[in-house]
Each structure stands twice: as structure tokens, then as C-alpha cells.
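A short worksheet on the structure shown next.
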Amino acid sequence: MSVSLKRLDNRTARAIFMDRHALAEQPSGAAKGVELLDLIQRLGFVQLDSINTVARAHDMILFSRRPTYRSANLKRLYEREKALFEHWTHDAAVIPMAFYQHWHLRFQRDEDLLKARWKNWRRDGFEQQFETVLQHIRDHGPVSSSDVGKDEKKGSGGWWDWHPSKTALEFLWRSGALTVVGRDGFQKRYDLTERVIETQLCPGNMPCDAEATVDWLCKAALDRLGFATSGELAAFWDTVSAAEAKDWCAVGLKSGHIEEIEITCTDGRQRKTFARPELMQKATELPQPPGRVRVLSPFDPMLRDRNRAERLFGFHYRIEVFVPEAKRTYGYYVFPLLEGDRLIGRIDMKAHRDRDLLHVKALWPERGVRWSDARTRRLNAELDRVRRLAGVAHIAFEKDWLKDPK
């Protein structure tokens, strides 16, 4: 006999997801020091990205939740206060230092993965550079990739053709021997891990308990997603394998620590996911998302899983940075717009700091969204906040900037 599962309607599912991503409350409050660290811990990590059409992704992510945020606040927390470390989840990210002990498994797995992968297509000789690079850092302190391998043949400059010493730096960082201590512009600076991380936490000084780490990663992912499939749990930190996440869910179901529920998607379909038993009760206590318009980064945690965003919000988004201009549907780097619990459109804009100007090229409302005068006023208020983050004084709109939905 089949058992009827608990079910969340689409609006409640969206409310839970937004709450876990700190988007259900008013965007206000302190945005530096302990308060900023608390926000990052709540999110789990913040993805780093170099593209700076308006502001970098990590700055936009934090700004959308705390409008008083400025980039110097994150830099201070990361580089001076050492409250964050940089490593990989699904991409490069800053992660609370309190989570560092759970990255030992990632160091081991990245070491095995990169050795196998890079041997086949990286330039030969990077493994022979390990000790040379380490000794250089012992003698001279933190380095960037431009400080090593000066006598080595330089490649095209692309990530696929780094010179051996740059590859060695990146490998030693990913496998835990080095730690990134900051960035100059967007170029990483590396130091010996034992100079940066508390001795008892350094790789080699602390045993790596794979089972305990997988348990922590799955629990922490579920806490930040609210509800998830085993595949979504595995993908959150991108350290746990699909098989490990599946086994974790099976054990959790048997023990009663998690349960299976159904989520209603925007198209009415039901999707089975896992959640903590208390989720359904907590869902009734959630705040109503604020009605203001907010600009989101394309790499915002709420949008990182594009398929999940489409299922919950009916919002299809693909970044077009690598799409030839003539083939783009929208633009090079287009920002999603959030209003309440809906994604209402996307905007193409760029900060021209040499002209002290935020230039709005185009805005496309989503289908079914009427762009009223009231929405325009809310958008203008948000753009005024964004231009202050970008450090420019004026806003200019392209002629016929408001486009028909696509």
C-alpha cells in the first residue's frame, strides 16, 4: 500500500528556499565583521567571480541581502581577520574558517582528481615544480603566479596552458599544502598552509574522517536548501559523491532524521525530495518576502542550480558570457530581478567608471509581468542603490530600454 507523502505547495516551497538564502527578510542590517560572517555562514559560502560589469559576483550576492555592504568589508574579513578561507565548492568561493576541518576530504579528493586529469593535458613538468615552489614561498613569503616560473615558457595565458610553476601553485592550493591569503586585483596570493591555518587544523595534523565529513556536508547542505534530492545535496558543496549522498539519505530515512516529501513545481508537477521532519511546521512561520525590487548576481546562491530555479520560480536563466554576441538571447552578463517571491525580469547594464555612469541597456520583463509605473519606481530605487555600490554618480537609460518579454 502506497503512503501519501506530505506536500508543499509551490509558494510555500519558494518561501522556504528564499528564507534559507536570506532573501525572505528585509534587506537591511550591518554588513561587516561578525554580522557579515554570520550571513556567509548562513549561505554556506560565497562564490567568487572576476567579471565586473557592475560589481563582482561576491559583492552583488552580499549587497542584495545587506545594502550597506561594500567590497572592503569582505576583504577585511578574509585577508585581515582570517575569518574566511578560499577554496572550491562547485567553483572558487570564500568559506567560513569554522568549516575548514571539513575540507580535508576535499583536499584529498582534489589531489587524486587533479593528478589524474592534469597529467593528460597540462603542460609537462608541474609535479617536478612542487618542492621548488614550496621552497620559494618558505624563503620569500606569499607569492602570486607572476612571482614563480619566470624562466619557464609562457603559454597562451588561458587556464588550459599555464606554465608548470603556476600549475604547481594551483595544485598545491587545491590539495591543501598552500592557502590563498588574498588577492591583488583578482590574482591570488598563496602562502604555506602552516603559516595561515591553526596548527591542529592543518592537513596531516588532523585525521580525515571521511564518513563524519560526508555526514556534516549533507546535513549542512540540507540546512541551507531546506529540501533537496540526494543529487542536490551532493552538488551543494561538490565534495560528496552522488552515491554517498544517496546512502546518507537512506540512513537518514531509516533513522527518522529526514523524511521524504513532495514539492509542487511551477508547472504543477510533484517532485520528491528529502527534508527534516520539522520543516512543514516551520514553513507556517516564515516571513512574507519584501516587495522591493532587487538585482541579483547571475551567480546568486538562489540561482546557482539553474534547474531548481526554473522548477520553483519558472525562471529560465543561462549566462551568455561565452555565447557569440550575435547568438545571445539577452546579453553578455544579464542580472535577474527579484520582487517579493517572483523573478520578474532581467536587466542588461554596465558601470562605466570613467564616465561616472551606470548605463542601463535593456530590461526584459518575464512573461505575464506587467511593467507598471510603480515597478519602474521600485526599479529606480534599486538602481540608485546599485550605482552607489558600483561607485558611480549617475544612471542613464538606453532609448527604448524596456523590451517585450521573450
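The values are calculated or read from the model by the stated rules, or taken from the named source; none is laboratory data. From a predicted model like this one, the values you see are computed outputs, not experimental measurements. A quick note on method: Cβ atoms are made from the backbone with ideal geometry, for glycine too, and the neighbour counts reach across all protein chains shown. Quick note on the areas: whole protein, heavy atoms, side chains included, nothing else; ligands and nucleic acids left out. Shrake-Rupley method; radii C 1.70, N 1.55, O 1.52, S 1.80 Å.
Gaussian network model of the chain, Cα springs within a sub-10 Å range: biggest mean-square fluctuation belongs to which of Y332, Y78, Y69?
Among Y332, Y78, Y69, the largest GNM mean-square fluctuation belongs to Y332.
To the nearest 20 debye, what is the magnitude of the charge dipole of the chain about its Cα centre, counting +1 on the Cβ of each Lys and Arg and -1 on the Cβ of each Asp and Glu?
1380 debye
What pairs from K32/K406; K188/K272; K115/K219; K32/K188; K115/K350; K82/K219 go past 32 Å between their alpha carbons?
Checking Cα-Cα distances, K32/K406; K188/K272; K115/K350 exceed 32 Å.
Give, in nm to one decimal, the length gained when the segment between S146 and D400 is fully stretched (0.36 nm per residue of separation minus the Cα-Cα distance).
Additional length available on full extension: 86.9 nm.
What dipole magnitude, in Debye to the nearest 20, does the range 17-133 give about its Cα centre under +1 on Lys/Arg Cβ and -1 on Asp/Glu Cβ?
Roughly 180 debye for the range 17-133.
Could you please state, rounded to a whole Å, how far the C-alpha centre of the range 177-200 is from the C-alpha centre of the range 265-309?
So the separation of the two Cα centres works out to 35 Å.
Sort 90-100, 4-14 by packing, meaning the average of other beta carbons within 10 Å per residue, with the highest value first.
Going by the mean number of other Cβ atoms within 10 Å, highest first, we get 90-100, 4-14.
For all pairs of alpha-carbon atoms in the range 39-137, what percent lies in each bin of width 5 Å, listed from the first bin to the last filled one?
2, 11, 16, 19, 17, 14, 12, 7, 2, 0
Report the one residue of V34, L337, V181 whose Cα lies farthest in the direction of the positive end of the charge dipole of the chain (charges on C-beta: Lys and Arg +1, Asp and Glu -1; origin at the Cα centre).
Looking along the dipole axis, the top candidate is L337.
Any idea how far apart E81 and D373 come out in nm if each label point goes 7 Å out from Cα toward Cβ?
The answer from the label model is 4.5 nm.
Would you work out which of Y190, W103, G391 lies farthest towards the positive end of the dipole of the chain? Charges go on Cβ: Lys and Arg +1, Asp and Glu -1.
G391
Per residue, how much accessible area does the chain show when a 1.4 Å probe rolls over the protein heavy atoms, in square angstrom?
46 Å²
Between R353 and R42, what is the label-point separation in nm under the 7 Å Cα-to-beta-carbon projection?
That separation, rounded to one decimal, is 2.9 nm.
Dipole of the range 286-351, Cα-centred, from +1 at each Lys and Arg C-beta and -1 at each Asp and Glu C-beta, to the nearest 20 debye?
60 debye
R7 to S50: extension gain in nm, 0.36 nm per residue of separation minus the Cα-Cα distance?
Result: 11.4 nm gained on full extension.
Along the three principal axes, how long is the range 290-368 when you take its alpha carbons, biggest first, rounded to the nearest angstrom?
39, 31, 25
On a full-extension model of 0.36 nm per residue, what is the gain between T284 and T68, subtracting their alpha-carbon distance, rounded to one decimal in nm?
Stretched fully, the T284-T68 segment lengthens by 74.8 nm.
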